[in-house]
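Presented below is the structure to which this report refers.
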Amino acid sequence: MKPTSPRGGGSSGRAVNAALGAAGLAAFLALGEAVPRLGLVKEQFFPPTSRIARALGGEITDSAFWADLGDTLTGWALGLVIAVGAGVVAGVVVSVVPYLREATASTIEFLRPIPSVALIPLAVLLYGTELRSVLLLVVYASFWQVLVQVMYGVRDVDPVAEETARSYGLGTWARIRHVLWPTALPYVMTGVRLAAAVALILTVTAELVIGAPGLGARIAVAQTSQAVPELYALIVVTGLLGLLINVGARSVERYALAWHQSVRGEVTV
């Protein structure tokens, strides 16, 4: 039987979705232009889309903007890499070591709900406005996204496959590689995608509150100087960054899970 995609449509379906997305974006931009022009809101608080676009063009031509963007991406990338590495290792170890999961369950459930922003005073006390303050908040927030997903993935391992691997004489690391990891990988990729978004949020938040170099600090300067169009332009930049990060994370996920049915989207008919 020939496998088919449940989504259907092929290239024509993608073209329709792209057209609908473009139409929705155009309508949103037109609404943003019309609302202040019609006097529904004051332009000093919500400038028209055209003014925001001009301010965005001015930001792009400013070399300081690119330096701040680089600082934000550096904090985001470093924090994400550290959180993913630590989350995967800790999740696997906690899940496979006998009794360790039960011993750490209450500690994890206690630490996980603590908001990362509550650690801002500690971060400032330890590292001031350095990059390490940003990393502390980013890693703490992103780590739990990965850890929990890895633990769910390990729990989903088929016990029959585990016992079969044992009966064939596979050692611990071989079972992790050939049985546990393929099962847990979809969960890991979900955790990475969630952590990537959380890491960006915490990076910008830390820069905004702490004053560490980056887009967040630039937004704070625009706010205090009453540069409203520039403020909205920088907010648009952070939104575009989030969109690009999400698209990139999904692309990596599709590549890493090309063999998995959740990506292939195939059903037997």
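The values are calculated or read from the model by the stated rules, or taken from the named source; none is laboratory data. Note that the coordinates shown come from a computational prediction; the quantities given were computed from them, not determined experimentally. With ideal geometry, Cβ positions are generated from the backbone for all residues, glycine too; neighbour counts draw on all protein chains shown. Note: areas computed on protein heavy atoms with side chains; ligands, DNA, RNA excluded. Shrake-Rupley method; radii C 1.70, N 1.55, O 1.52, S 1.80 Å.
Structure notes:
- 10 Å Cβ shell holding at most 13 others, DSSP loop, chymotrypsin sites (Phe, Trp or Tyr not before Pro): longest site-free stretch of the chain: 169-258
- Net lengthening on full extension, S12/V160 (0.36 nm per residue, minus Cα-Cα): 49.0 nm
- A full extension of the chain between A34 and I82 corresponds to an added length of 12.8 nm, given 0.36 nm per residue minus the alpha carbon distance.
- Förster radius 22 Å - calculated FRET efficiency between E109 and Y168, Cβ distance, rounded to 0.05: 0.05
- Accessible surface, the chain, averaged per residue in Å² (probe 1.4 Å): 58
- Those residues of the range 196-234 whose amide nitrogen sits under 13 Å from the label point placed on E43, 7 Å along Cα→Cβ: 229
- The trypsin sites (Lys or Arg not before Pro) found in the range 10-93 that occupy coil by DSSP, while having at most 13 further C-beta atoms within 10 Å, are K42.
- Of the DSSP H helices in the chain, those whose Cα atoms cover at least 20 Å axially and whose Kyte score averages -0.5 or more: 10-37, 63-96, 131-155, 181-210, 228-256
- Inter-label distance for R177 and A118, nm, one decimal - labels placed 7 Å from Cα along Cα-to-Cβ: 4.2
- Rounded to the nearest 20 debye, the dipole size of the chain about its Cα centre is 620 debye, using +1 on the Cβ of Lys and Arg and -1 on the Cβ of Asp and Glu.
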